[in-house]
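One structure is given below, encoded as structure tokens.
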Amino acid sequence: MLIGTVTAVGEDAIRKKDPMIILFGEKATKDIRTVAIIQSFEKEAGNIKLEPGHTISFDEEVYTIKTVGSLVNENLNTIGHATLSFSEVIEDDQIESSIYLSPHELPEVVVGTKISYDD
């Protein structure tokens, strides 16, 4: 399991009409920080391997992974980046850096929220 703590929420990071969240690690650029949620890990990510059926939790809110894009695990392990999509998986239009989650509702995310990646 990998646990991240939200250290910043960009001014344009959460929009109810766009059911997605962009996550980045502490090394995100200033421009990325305006549209992303920044997370800091308690330990090196290094070897997380997320797959369908695993879960991601935001404090006590648990989401089930439906699909994992081909770039997700590498990006999460190296730069703390993933795009979380809270919508139906569209087979022919998937984002390769996205994790598609269910239920399809945005979680409450504030500075201090714990994000748990249960592989």
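Please list, or write none, the aspartates and glutamates whose alpha carbon is within less than 18 Å of the alpha carbon of Lys114, excluding same-chain residues fewer than 8 places away. Cross-link targets: Glu26, Glu42, Glu44, Asp59, Glu60, Glu61, Glu105.
For Leu50, Leu106, the ranking by accessible surface with the largest value first comes to Leu106, Leu50, using a 1.4 Å probe.
When His81, His104 are compared by accessible area of protein heavy atoms, the largest-first order is His104, His81, using a 1.4 Å probe.
These residues, Arg33, Arg15, go from largest to smallest accessible area, 1.4 Å probe, as Arg15, Arg33. Checking [x] 17.5; [y] 14.7; [z] 14.0 against the coordinates, the calculated Kirkwood radius over Cα pairs in Å falls under label [z]. With all protein chains in place and a 1.4 Å probe, the accessible surface of region 13-119 carries 49 percent carbon and sulfur. Distance between the modelled labels on Lys27 and Ser40, one decimal in nanometres: 1.7 nm (7 Å Cα→Cβ projection). Bridging of Lys17 to lysines at a Cα separation below 16 Å is possible for none of them, once same-chain residues fewer than 8 apart are set aside. Which residues does the label zone of Glu61 cover in region 72-110, counting backbone N under 14 Å from a point 7 Å along Cα→Cβ? Answer for this model: 84-87, 101-110. Solvent exposure of the chain, expressed per residue, is 55 Å² of accessible area, with all protein chains present and a 1.4 angstrom probe. Relative contact order, whole percent, for the chain stands at 35, derived from Cα pairs under 8 Å and 6 or more residues apart. Across region 107-117, rounded Karplus estimates of 3J(HN,Hα) from the backbone phi angles (6.51 cos²θ - 1.76 cosθ + 1.60, θ = phi - 60°) give x, 7, 10, 9, 4, x, 4, 8, 10, 10, 9 Hz, Gly and Pro being marked x.
Label reach from His104 (point 7 Å along Cα→C-beta): in region 52-92, amide nitrogens under 13 Å belong to 85-91. Here the calculated FRET efficiency for Ile3 and Glu96, from their Cβ-Cβ distance with R0 = 25 Å, stands at 0.50, rounded to the nearest 0.05.
The values are calculated or read from the model by the stated rules, or taken from the named source; none is laboratory data. Values in this document were obtained by computation on a predicted structure and should not be read as measured data. Ideal geometry is used to build each Cβ from the backbone, glycine not excepted, and the neighbour counts take in all protein chains shown. Surface areas here come from the heavy atoms of the whole protein model, side chains and all, with no ligands, DNA or RNA. Shrake-Rupley method; radii C 1.70, N 1.55, O 1.52, S 1.80 Å.
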